[in-house]
Amino acid sequence: MEIAIIAHDKKKELMAQFCIAYYNILKNHSLCATAITGKYISDATGLKIEKMLMGDYGGEQQMASRISYNEIDCLLYFRDTTSVESYDEDAINILRLCDVHNIPVATNIATAEILICAVERGDLDWRNYVNPIYNKNREHKDNRENGEKTVKHQ
């Protein structure tokens, strides 16, 4: 599964603690995050995380693009609801796109725990059938990263 992670500044510590607590589940999946959140989590846990740009510099738009192409299977998005910024256009757009593409999303630690336990049980395996072309591309990418030669089909 491709798990996307975004955390506003006041929620980065909570996200890192969450990732420490669920390390044994998260290590078995592909993770991507906005830059600072990704660094924060990888420094705290050692998890391998694909880092996008910083949220304010296009990272949230990159995440929205991946959601639009159905390349994300679930999103953990810890938002600072005490700030007006948490209701900015990017956040609203990301949540809307998750609704459009049926991508499970957690915006707080309670729903994140439920979602990550569902991932572990296999409850979200249906996502593997939503976009089989992307899954084939993911396998191709994994083969290249492992140094395996790939055959170009014509």
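If I filter the stretch 28-40 for residues that are in a helix (DSSP H, G or I) and either touching a residue at least 40 places away in the same chain (Cβ under 8 Å) or within 21 Å of D125 (Cα to Cα) (or both), do I get at least one hit? Talk me through it step by step, then tell me what you get.
Let us first name the residues in the stretch 28-40 that are in a helix (DSSP H, G or I), namely 35-40.
From what's left, either touching a residue at least 40 places away in the same chain (Cβ under 8 Å) or within 21 Å of D125 (Cα to Cα) (or both): none.
For the stretch 28-40, residues in a helix (DSSP H, G or I) and either touching a residue at least 40 places away in the same chain (Cβ under 8 Å) or within 21 Å of D125 (Cα to Cα) (or both): absent.
Counting only residues that are acidic (D, E) and either open to solvent by less than 50 Å² (accessible area, probe 1.4 Å) or touching a Lys or Arg at 6+ places or on another chain (Cβ under 7 Å) (or both), how many does the stretch 1-56 have?
Initial filter on the stretch 1-56 (acidic (D, E)): 2, 9, 13, 43, 50, 56.
This time we only want the ones that are either open to solvent by less than 50 Å² (accessible area, probe 1.4 Å) or touching a Lys or Arg at 6+ places or on another chain (Cβ under 7 Å) (or both), so: 2.
Here the count works out to 1.
Quick one: count up the residues across the stretch 57-86 that are free of Cβ contacts under 8 Å to residues at least 60 places away in the same chain, under 14 Å from the mean Cα position of the chain (by Cα) and open to solvent by less than 40 Å² (accessible area, probe 1.4 Å).
Let us first name the residues in the stretch 57-86 that are free of Cβ contacts under 8 Å to residues at least 60 places away in the same chain, namely 57-65, 68, 81, 84.
This time we only want the ones that are under 14 Å from the mean Cα position of the chain (by Cα), so: 59-65, 68.
Filter again for open to solvent by less than 40 Å² (accessible area, probe 1.4 Å), leaving 59-60, 63-64.
Number satisfying all stated conditions: 4.
Residues checked against (1) closer than 25 Å to Y129 by Cα; (2) of a type in the set (K, R):
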position	(1), (2)
L31	yes, no
L47	no, no
K51	no, yes
Y57	no, no
C74	yes, no
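For the stretch 87-154, please list each of the helices (runs of 4 or more DSSP H) lying entirely inside it that holds at least 1 residues being more than 29 Å from D56 (Cα to Cα), modelled with pLDDT of 60 or more and open to solvent by 90 Å² or more (accessible area, probe 1.4 Å).
Values: elements: 89-100, 109-121, 127-130, 132-145.
The qualifying helices (runs of 4 or more DSSP H) are 109-121, 127-130, 132-145.
The values are calculated or read from the model by the stated rules, or taken from the named source; none is laboratory data. Here the structure is a predicted model, which means the values were calculated and not measured. Neighbour counts are summed over all protein chains in view; Cβ atoms, including those assigned to glycine, are modelled from backbone coordinates with ideal geometry. Heavy atoms of the whole protein, side chains included, go into the accessibility calculation; ligands, DNA and RNA do not. Shrake-Rupley method; radii C 1.70, N 1.55, O 1.52, S 1.80 Å.
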